[in-house]
1. Which number gives the lysine pairs in the chain that have C-alpha atoms under 20 Å apart and are eight or more places apart or on different chains?
2. Scanning the chain for GluC sites (Glu not before Pro) in DSSP loops with at most 10 other Cβ atoms within 10 Å, what's the longest stretch left with none?
3. Rounded to the nearest whole Å², what accessible area per residue is found for the chain with the 1.4 Å probe?
4. Hey, any idea what % of segment 70-124's accessible area is carbon plus sulfur with a 1.4 Å probe?
5. Find how many whole Å separate the alpha carbon centroid of segment 133-197 from the alpha carbon centroid of segment 76-101.
6. Evaluate the charge dipole of the chain about its Cα centre and quote only its size in Debye, nearest 20, assuming +1 on the Cβ of each Lys and Arg and -1 on the Cβ of each Asp and Glu.
7. Is it possible to state the helix-based mean residue ellipticity at 222 nm for the chain, with each DSSP H run of 4+ residues giving -39500 (n - 2.57), the sum divided by total residues, to the nearest 500 deg cm²/dmol? What is it?
8. Just to be sure I understand: with springs between alpha-carbon atoms less than 10 Å apart, which residue in G163, G180, G172 has the highest mean-square fluctuation in the Gaussian network model of the chain?
Amino acid sequence: MKIRVVQIWGFLMTVLGWIFVACTMAMEGWKITSIGGMGGSSMIKVAWYWSSLWRSCFTDSTAVSNCYDFPVLWSVEGSIQIVRGLLMSALSLGMLGFVLSLLGMECTFIGGKDRSKYKKIYAGGWCHIVSGVLSTSGYAVYAQYVSVEYFNPDFDGLKYDLGTPLFLGWVGSAFHSAGGFFHLWSVCTPLCGPQEV
């Protein structure tokens with residue numbers, strides 16, 4: 001397969017993965033639960049509790065929502081701060097990977113000679129892979145935090161389920177890392193192969 005095609009596929013995959021991860025930062029419903037809705041009454045009342053990285057909300061059966069925005073950075077739980085930090089680091093490193101990858105792609109006419117372009121896309125590929133690992137770690141920390149409460153028999157509060165943003169984020173992280181591997185694969189032979197004299 002031509003180097004150019006592999007690099008373009010890698011770039012498209014990293015862009016898609018980065019967009020997925022960025023969207024999950026703003027999405028609601030990282031953890032969700034509902035109470036009520038049991039039979040036996042003439043009127044079934046249901047309430048949904050859900051939370052994101054930035055606020056916690058309650059929605060009743062009349063579709064009225066009450067939200068509590070987390071006021072300052074240090075007022076949230078440590079696990080949420082860790083997740084925020086990991087995801088913001090992943091997005092920043094992914095942006096650096098975009099710049100390096102664009103400069104190093106064979107189809108762009110900026111970035112210097114072939115050998116220096118290969119080094120740039122190689123570095124960009126590693127930025128994308130590390131970015132994917134950081135975002136995967138962030139989602140795993142949040143999922144572990146929710147799961148510990150859910151499976152703890154002594155916990156008497158609301159037991160939350162994992163929400164859609166976590167799964168979308170894991171898919172985005174996989175795309176991001178896979179695109180980085182495509183970038184590395186595209187320059188493996190020119191950088192690691194035999195040198196021309």
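1. 6
2. With a cap of 10 other Cβ atoms within 10 Å, the longest stretch comes to 78-195.
3. Result: 56 Å² of accessible area for each residue.
4. Details: 2160 of 3020 Å².
Carbon and sulfur together cover 71 percent of it.
5. Spelled out, the Cα-based centre of one part sits 12 Å from the other.
6. 840 debye
7. Values: 4 runs with 118 residues, N = 197.
For the chain, the value works out to -21500 deg cm²/dmol.
8. Maximum fluctuation in the GNM of the chain, among the listed residues, is at G163.
The values are calculated or read from the model by the stated rules, or taken from the named source; none is laboratory data. Keep in mind that what you see is a predicted model, and the values were worked out from it rather than measured. All Cβ positions, glycine included, derive from the backbone under ideal geometry; neighbour counts span all protein chains shown. Heavy atoms of the whole protein, side chains included, go into the accessibility calculation; ligands, DNA and RNA do not. Shrake-Rupley method; radii C 1.70, N 1.55, O 1.52, S 1.80 Å.
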